[in-house]
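The values are calculated or read from the model by the stated rules, or taken from the named source; none is laboratory data. Treat the numbers as computed from the prediction; the structure is a model and nothing was measured. No Cβ is skipped: glycine too gets one built from the backbone with ideal geometry, and neighbour counts run over all protein chains shown. For the accessible areas, the whole protein counts, side chains as well, though only heavy atoms, and no ligand, DNA or RNA atoms are used. Shrake-Rupley method; radii C 1.70, N 1.55, O 1.52, S 1.80 Å.
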Amino acid sequence: MNDILVLYYSRHGATRELALAIAQGIDSVPGMQARLRTVPPVSSVCESTAPDIPADGPPYAELRDLEECAGVALGSPTRFGNMAASLKYFLDGTTPQWLSGALAGKPASVFTSTGSLHGGQESTLLSMMLPLLHHGMMIVGIPYTESRLTTTQGGGTPYGASHHARPNADGTPDGAISADEKALAFALGARLARTALNLVRGAAAA
Ligand SMILES: Cc1cc2nc3c(=O)[nH]c(=O)nc-3n(C[C@H](O)[C@H](O)[C@H](O)COP(=O)(O)O)c2cc1C
């Protein structure tokens, strides 16, 4: 069990950029590797509207990904100060894992992207922790020993990685994350992977 699930939703690619930086941080820890997965958009139409396999990017997450991984990094764009419905819909389908305690004791981190600097990064990150805590997961944040936390002009919080995606001229978010945002996302991924590795080794030694 040496994979960390990086599970995210991204409509325009900004949250995906954070996911890739977190995955690089995970992969930097010897013995650990990132497993990137996404979720399909939800629809108000009660029929299948999206193909089973996404046109590009990582595959859609399956519930077994949660069970097979040693930890989870959960990411979503901020939608009205909260996570996107597509990710919440996937999480609402995790009752079997909640009942079995499949995620209890595993470490987890969260990340988000917003269109405005004060548009709800912290509220989204904190709200994303709630279902993870119900699952018994242990939250891993970013400590202030990461000096960029105090100097970043964009995203990056002690609660998790974040990105301030300034809008392009056509209104779509700018997907490019800053050097500080990328470094903090990398640090979070590495810290999550190290924590998971220590827990896995501790359980094996017990
Ligand atoms: C329905 C909706 C609600 C949004 N709510 C917020 C919000 O509360 N605060 C904010 O700063 N940005 C908000 N945004 C902007 C997105 O969070 C932002 O564009 C984000 O970077 C998109 O991420 P993505 O590129 O991964 O899809 C909202 C966007 C949509 C479509």
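Structure summary
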read-out	value
Relative packing of peptides 21-29, 80-88 - highest average C-beta neighbours within 10 Å first	21-29, 80-88
Sulfur and carbon atoms: percent of accessible area, the chain [1.4 Å]	55
Long-range amide H partners of Ala84 with built H, under 5 Å	Arg79
Solvent accessible area, Å² - Arg16, 1.4 Å probe, full protein context	90
Placed amide H near Gly160: partners under 5 Å, 5+ positions off or other chain	Ile142
Heavy-atom accessible area per residue - the chain, 1.4 Å, Å²	49
Reciprocal of mean inverse Cα separation for region 3-205 (Kirkwood radius, Å)	16.8
Which of Ser127, Ser76, Ser44 is most accessible, then next, and so on - probe 1.4 Å	Ser44, Ser127, Ser76
Burial order of peptide ranges 193-205, 53-65 (average beta-carbon count within 10 Å, highest first)	193-205, 53-65
